[in-house]
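Enquirer: First the structure, which I've put down as structure tokens, then a few questions once you've had a look.
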Amino acid sequence: MIYIIVRGHHRLYFYVMVSKYTWKEEYNTGVSFIDGQHQYFLNIIRDLEDIIEDSVCKDSASKIFFSLVHYAEHFLIQEEIYFKDYHFPNLNEHKELHAAFIKRVIQFKTDYQMDIQHTCQTMLDYLVDWFENHILKYDKEAIEYLREKGL
Ligand SMILES: [Fe+2]
């Protein structure tokens with residue numbers, strides 16, 4: 001979380017909290033349902049960031065797990081179906097990355113029972129890494145291929 005100073009009326013200045021993890025134009029793939037699921041994922045990161053900031057990991061992390069399960073069950077599967085339908089050549093490799101992600105989330109759920117605060121922070125780092133290295137790289141590459149094929 002970063003803070004910016006905003007000038008209001010009558011020379012009033014106030015601080016506004018801004019997350020680093022806000023959607024940017026360059027994230028768009030041009031395929032709206034994919035962009036929608038990527039935005040959904042970025043919202044999870046932002047929620048988790050807020051939870052850590054407010055030190056309410058213990059009470060609020062279940063919401064994060066719920067959203068991650070939704071992301072995995074709906075969006076990762078949906079992606080795989082599209083990649084298969086369009087004969088994306090790296091489908092198996094991509095599916096393995098998804099499987100590793102799901103496994104990691106399950107592990108976080110176990111770790112969480114033992115060390116709440118630390119798990120929340122580790123999970124945030126992992127999700128940011130997934131966003132930067134899976135969503136913005138592998139997914140984008142795959143979507144470009146699909147678009148060439150007429151999606
Ligand atoms: Fe993916």
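Taken together, the values in this text are just the output of simple stated rules run on the coordinates, not laboratory data. Owing to the predicted nature of the structure, the values given are computational and were not obtained by experimental measurement. No Cβ is skipped: glycine too gets one built from the backbone with ideal geometry, and neighbour counts run over all protein chains shown.
Enquirer: Given (1) surrounded by fewer than 15 Cβ atoms within 10 Å (Cβ to Cβ); (2) among the hydrophobic types (A, V, I, L, M, F, W, C); (3) not in a helix (DSSP H, G or I), where does residue 99 come up short, assuming only one miss?
Expert: Of everything listed in (1) surrounded by fewer than 15 Cβ atoms within 10 Å (Cβ to Cβ); (2) among the hydrophobic types (A, V, I, L, M, F, W, C); (3) not in a helix (DSSP H, G or I), residue 99 misses just condition (3).
Enquirer: Separate question: Could you list, in sequence order, all residues of the stretch 124-151 that are over 21 Å from residue 79 (Cβ atoms) and crowded, with 18+ Cβ neighbours inside 10 Å?
Expert: 124
Enquirer: Out of 25, 49, which single residue is within 17 Å of the chain's Cα centre (by Cα) and closer than 30 Å to residue 149 by Cβ?
Expert: Only one candidate passes the filter, namely 25.
Enquirer: Can you run down the residue pairs with Cβ atoms below 6 Å, 6 or more apart or on separate chains, where the first is in the stretch 78-94 and within 18 Å of residue 38 (Cβ to Cβ) and more than 10 Å from the ligand (Cβ to nearest atom) and the partner is assigned to a helix (DSSP H, G or I) and hydroxyl-bearing (Ser, Thr, Tyr)?
Expert: From the stretch 78-94, the pairs are 88/145.
Enquirer: Residue check: is residue 129 away from the ligand (no atom under 15 Å from the Cβ) and without any contact (Cβ under 8 Å) to a residue 40 or more places away in the chain?
Expert: Details: away from the ligand (no atom under 15 Å from the Cβ): no; without any contact (Cβ under 8 Å) to a residue 40 or more places away in the chain: yes.
Judged against the criteria, residue 129 is not a match.
Enquirer: Limited to the stretch 32-74, what total is found for residues that are buried (at least 17 other Cβ atoms within 10 Å of the Cβ), within 17 Å of residue 137 (Cβ to Cβ) and out of contact with any Asp or Glu (no Cβ under 8 Å at 6 or more places or on another chain)?
Expert: The total comes to 3.
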